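Report on the following structure.
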Amino acid sequence: MKLFDWFRSRTASHLKIGKLGEKAAVRLYKKRNAVILARNWRNSNAHDGMGELDIVLMDGETLVFAEVKTRSKLDEYLPGANLSDSQKKRIRRGAQAYIKKHRIPESIPIRFDMAEVIHDGSKLLDISLHEKYMTFSTKLNPTNYDN
C-alpha cells in the first residue's frame, strides 16, 4: 500500500469515528430535551482558521456550545485530553461569531460543554457529558466564566 493510500484510509476512518461520536452526543442531548440548533457550524465570513462548532444547542434557557471528542478505544487518556489551547481559542472565537451572527441577546446564559465518546465504529462503548467543561474570561455575554 502506498503511503498516500494508507494516510487517506486512516483519515477517512478517523473522520467516520468522529461523525459517529457527534451523532451519539446529539442523541444524548436530545434525550435530555435539548434543542439542537446547529451541527458542524462554520462562520462563513471566517478567514482565520476559526474551525467549526461541533454542536450548538439550547438546554432549557441556556445556549450551549458542545465540543465532541471521540476515540475508537479507551486507553490511558480520555478523548478530551486531546483538546489543545489553540482549539479552545477557536471554539471561543466560533462562539463569539455565532452569537454575533445570530444576534443572541446578552441576557441568554452561555455554557461550553465537552462530550467524550468511545465508539469502535460499530457500536457506542461509552459517552460522558461534561457541562461547563471550558470557561473563558472573555466576555461573550453577561454570563462570564473564569479561566
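Of everything in the stretch 51-95, what is crowded, with 17+ Cβ neighbours inside 10 Å and over 20 Å from K19 (Cα atoms)? Give them in sequence order.
Selection gives D59, L63, R92, R93, A95.
Just wondering, is there one or more residues in the stretch 124-142 that are modelled with pLDDT of 85 or more and of a type in the set (K, R)?
No, because not a single residue in the stretch 124-142 is modelled with pLDDT of 85 or more and of a type in the set (K, R).
Can you tell me which residue within the stretch 96-123, out of those that are at pLDDT below 90 and acidic (D, E), is surrounded by the fewest Cβ atoms within 10 Å (Cβ to Cβ)?
If we take residues in the stretch 96-123 being at pLDDT below 90 and acidic (D, E), then E106 is surrounded by the fewest Cβ atoms within 10 Å (Cβ to Cβ).
The values are calculated or read from the model by the stated rules, or taken from the named source; none is laboratory data. All figures in this text were calculated on a predicted structure; none of them were measured in a lab. Neighbour counts run over all protein chains shown; Cβ positions are idealised from the backbone, glycine included.
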